[in-house]
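First up is the structure itself, then whatever we jot down about it.
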């Protein structure tokens, strides 16, 4: 059975449902495990879509409550951590804040105050030459995120396509350095169904990027990036079909900082 290791809680201020609700949804979907990975708290608040540092104990309490309520379901503890240049020391501190099962790396900010997936910045994409410039900035930071070695896997690789903007022509010059970073660091790449719920209507990553990853031997994990219990394991049938179409037969599970490889199911949803 599959797992869903990328889910959020109301502490991020743009999700609904408590961890116990997500865990119940995981059981109903036939998942083997679920993991909670809300946006990491930072020492100083600078946006409105993550928990404050003083809310962090509440986050641990909410996940622990789900673990207590569903003792037969493996419920993993994690954070989705933004990679921000100059804040690497905080990532080291974060690693020591709890007994994490894994940590997720992601890139949202390509400049201070500019989160690339925020619709309030849509006008920036429409300036002359902006798409190429934004993609170059995003992929440069995504490579650095991977090479920081702070993360067990990295989320929604081509998030920069969220609104449907892509440079013309061959995109491999953007992709190839990132694939090499995955290989060099033995970091796992997320396959996220969240893109199907966004303007681009496409899984992260694109099939072209996924094919490069498979050819290079990069391992994957399928997640939903759920912000509501109804999104847990959503569109996993499409994700499974995609990864199998390029040749993947295995995925990865996490437990107390360790990972192991397991077979992908042949179809989804499972027969319960």
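For segment 116-125, state whether one or more residues are part of a loop (DSSP other than H, G, I, E, B), exposed (fewer than 14 other Cβ atoms within 10 Å of the Cβ) and without any contact (Cβ under 8 Å) to a residue 40 or more places away in the chain.
No, every residue in segment 116-125 fails to be part of a loop (DSSP other than H, G, I, E, B), exposed (fewer than 14 other Cβ atoms within 10 Å of the Cβ) and without any contact (Cβ under 8 Å) to a residue 40 or more places away in the chain.
Suppose we filter 252, 232 for residues that are surrounded by 11 or more Cβ atoms within 10 Å (Cβ to Cβ), touching a strand residue (DSSP E or B) at 6+ places or on another chain (Cβ under 6 Å), farther than 24 Å from residue 215 by Cβ and touching a residue at least 60 places away in the same chain (Cβ under 8 Å); which single one remains?
So the residue among 252, 232 that is surrounded by 11 or more Cβ atoms within 10 Å (Cβ to Cβ), touching a strand residue (DSSP E or B) at 6+ places or on another chain (Cβ under 6 Å), farther than 24 Å from residue 215 by Cβ and touching a residue at least 60 places away in the same chain (Cβ under 8 Å) is 232.
Sort through 201, 166 and tell me the only one that's free of Cβ contacts under 8 Å to residues at least 12 places away in the same chain and assigned to a loop (DSSP other than H, G, I, E, B).
Just one listed residue meets the conditions, 201.
Per-residue answers, yes or no, for (1) surrounded by fewer than 15 Cβ atoms within 10 Å (Cβ to Cβ); (2) modelled with pLDDT under 95; (3) in a strand (DSSP E or B):
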| position | (1), (2), (3) |
| --- | --- |
| 80 | no, no, yes |
| 102 | no, no, no |
| 128 | yes, yes, no |
| 170 | yes, no, no |
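Those residues that are farther than 19 Å from residue 197 by Cα, assigned to a helix (DSSP H, G or I) and in contact with a helix residue (DSSP H, G or I) (Cβ under 9 Å, 6 or more places away or on another chain), I need them from segment 216-272; list them, please.
216, 245
Of the residues 154, 145, which is within 15 Å of the chain's Cα centre (by Cα), buried (at least 17 other Cβ atoms within 10 Å of the Cβ) and within 26 Å of residue 230 (Cβ to Cβ)?
Answer to the check: 154.
Among (1) part of a helix (DSSP H, G or I); (2) closer than 20 Å to residue 97 by Cβ, there is one condition residue 37 misses while meeting the rest; what is its number?
It is condition (1) that residue 37 fails.
The values are calculated or read from the model by the stated rules, or taken from the named source; none is laboratory data. Note that the structure is a prediction, hence the values are computed from the model and not measured. Cβ atoms come from the backbone with ideal geometry, glycine included; neighbour counts cover every protein chain shown.
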